[in-house]
């Protein structure tokens, strides 16, 4: 054999070994991800679902680009599809992914802290004749084994601090001579908070927290180069594909017109002028549907009446809008709407139940056959891409109780076009129904995956068949939906670029915009001011659509109402709506959120909204991430502008990625969304680098705690502590049992690093679900305090998490307006099915405990307990007055917040006070006006908790303090009211969660009423002052509830 042959053979063998190693690495990674998300990725490998396969391949390119940017490189794609990464002048240091700072852009008033004098975090100089008191920040900077005390100006940047106070002494500190500030970062001792870059010290959350709490600031200098190895990345053996792969093509490419028969490979949907029709063939296993209906009725303490007939109701929806209604016209709006609805909602003939329960499939199986064609009033060419067919099987009761009543037995939603734009044809089988409810137009488009065939009932349909595939023409790049003013970051452009294709073109923009008549202008002004929950009647919709160009020019904030008025079942109007959106003035990110709820299904509109989110910084994005994760459920297909945007941001930021992972992971037990969320989690985790290991550690700890919580539930009360400690022993510092690794971050807060559980300080709590009180040792002990957490198993914390998110947003709004109400929106996160964590606020007691300490069970009617408790803690009069001030401020904030959110069950064990005087509420199991009742009696009569003992405490500071309290309440209320649209949007985006008290848009009506949106600001202020008076007048009823609670729960 020649040397050349041996060399080629050797290279081939090396390639085989490399490929084998890559396959092994891939299998290992798949196994790790599968275990972490509790979903076997083998299901994706084995699937024949074209949408799933295409999505996974497309995400490779997105992930590679994100990782290249994270590493300070740019990814270039060649003409042959190959990719190469080149180093450029990086906008970020490769280690910045590991050391992302937590910045606070809200105003921060340093004067009150200066007035208190020097503290471990501040050095305050004395005032002189020529200069007032001033402060500098104290820091202890650890460099190796050397500890340097540093004084820094409050506006000094971290780069300046490192340059002037550390690198200047490089020789003494044994640092490289050529070091620069770009090579280092400061890490706060006791927390995963990093300080670095050209940011002033006082802009960091950690520095502000230390100043506010009068705590020392200890930081360690870390070389960024040492952190680079922590962000390892894997090589993937997946080829890149272009995003155009799997897409349909233009109308011209798809159309069969002017083609020879032998050249016809597809049909364009836009060439089909006949109306859509669906044939309902039949239903299998009706007995399962009846059993599910009986079970649902029993759960509501009712019984399912005998059913004599069964029928199917079908409707076409685009987002939340029923298609076909806009085609009607006439003077009688109600009659027009009813007539159009009849054309858009179709029903099969009735089928008798009794004679069919022993059908062809055997006795008792209940096979119903209709073979009924339903024809809709919408032409095929006018069907929007995201059209869904919503089907409900109803049973009609016979004679006797409930006669003639239609009872929903099950439902299913079905997308008429798949992710490639191909129209469904022929027999559609496998539509397993979700039980006992009517179809939800914004519900999932996934059949019920119930694995038990005996409980599964299935609907069969048939659509018209064609000899070739019928495709909806694709929207190819060409229509730029990025904001028209200001720049948009590169990460937003991919989601923001879509096009109208070459179908029907909108009418040219007229030179002169039609001006509405005075009466019409008044209507348009009213529409513009409507909140997101308000509905438009057909006449108003036609008016809004007629003046669409006037609205773009005069009232750009009316875009959501304009899009809700657009005729989405008329092709030419859809094209014009997209053209309007493409040229619409820039929206604020908060306003763009409204366009992502379930009412807006068009991909162009949703991409337009996503483009406006690109400038949100990571802190604000995390604030909205709960809602953005939820509205992913409204996307018709897995691959969407929103999904890509969130994946890019998660891959670029560990902070965003942490919350992105846990919000998705917490929903993985829902079968209707499991596949989609598993795809997103896989895409993220394949690019998470070393953070995958961090998330594995967190997940292992959560699993261990869940098993411990489960183990104590059936045990005797006297044995529970020992059982708990036995299970927690594997998490003790320095021990860490099999599968456990330290240090680990707490899922509740990624800045909290722990080395283990301090077992002897852990306990279970006495409430019904036996939550665990856990104390974790700080990974930087003794430089950092322990972390205190409540772990809940058996409780749904999503409602608490949502409520605390809203309170946190209110707190930020108030601070932005210079109003610090000393709020305590403590941390809370749902981590899975009935599992979650809550932050413990230390140095606080419940109002109930304070009353017991200062008067016993009957102290609920006394005025002095809280005042006596605070006086006992603060012997110094100045300190006591500060505590009372904290109480007044925080009480005002929580009165406003709990009223607006309609928080119920406000007994005295759900209200706490810190030793510094801050009042705060806990346990948000009831909101949006859902108040507990006892024997039909409304237990909570006052609008919010304001009792005589609260007012007494305020007035111990000065007689006018209660008047100040009222002014603070009104000011806070009006600030929130100005941003009412944001809160309504955020709640509306959560309708898909399944939270019991937030299932329908009507549930959010309480919020609208509480904000008095139909009143002027002056009238709303007067209304809230009257609520303060009413709450104080009814304070006796609150105290009576507290007394009863104290007597029932005597210590």
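Just so it is clear, none of the values below were taken in a lab; they were calculated from the coordinates. All values derive from a computational prediction rather than experimental measurement. A quick note on method: Cβ atoms are made from the backbone with ideal geometry, for glycine too, and the neighbour counts reach across all protein chains shown.
Here are the numbers:
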| read-out | value |
| --- | --- |
| Rounded tilt (10° steps) of 654-665 against the dominant C-alpha axis of the chain | 50 degrees |
| Enclosed volume per residue, in Å³, of the convex hull spanned by Cα atoms of segment 919-1039 | 131 Å³ |
| Alpha-carbon centroid distance for the pair segment 699-759 / segment 978-992, whole angstrom | 37 Å |
| Cα centroid separation - segment 856-871 against segment 132-188, whole Å | 50 Å |
| Separation of the residue 999 and residue 151 label points, Cα + 7 Å toward Cβ, nm | 6.5 nm |
| Sorted by Cβ density within 10 Å, fewest first, the residues 392, 12 | 12, 392 |
| Share, in percent, of DSSP beta bridges within the chain that are antiparallel, nearest 5 | 95 percent |
| Proxy reagent accessibility, fewest Cβ within 10 Å first, across 811, 49, 382, 905 | 49, 905, 811, 382 |
| Rounded D (µm²/s) - segment 627-734, Kirkwood Rh over Cα pairs, Stokes-Einstein at 4 °C, 1.567 mPa s | 81 µm²/s |
| Computed [θ] at 222 nm, deg cm²/dmol, the chain (DSSP H ≥ 4; -39,500 (n - 2.57); rounded to nearest 500) | -12000 deg cm²/dmol |
| Helix 50-70 vs. the chain, principal-axis angle (Cα, 0 to 90°, nearest 10) | 30 degrees |
| Rg/Rh for segment 701-805, where both radii come from Cα atoms and Rh is the Kirkwood radius | 0.97 |
| Cα-based convex hull, segment 99-228, per residue volume (Å³, whole number) | 117 Å³ |
| Compactness of the chain as Cα Rg over 2.2 N^0.38 Å, two decimals | 1.02 |
| Protection proxy ranking, peptides 542-549, 460-467, 649-656, average beta carbon neighbours within 10 Å, highest first | 649-656, 542-549, 460-467 |
| Folded to 0 to 90 degrees: helix 877-901 orientation relative to the chain principal axis, Cα | 10 degrees |
| Backbone N within segment 882-919 under 20 Å of label point (7 Å from residue 773 Cα along the Cβ vector) | 907-919 |
| Cβ-based exposure ranking for 1012, 895, in which fewest neighbours within 10 Å come first | 1012, 895 |
| Rg [Å, one decimal], Dmax [Å, integer] - segment 841-1048, C-alpha atoms | 17.4, 52 |
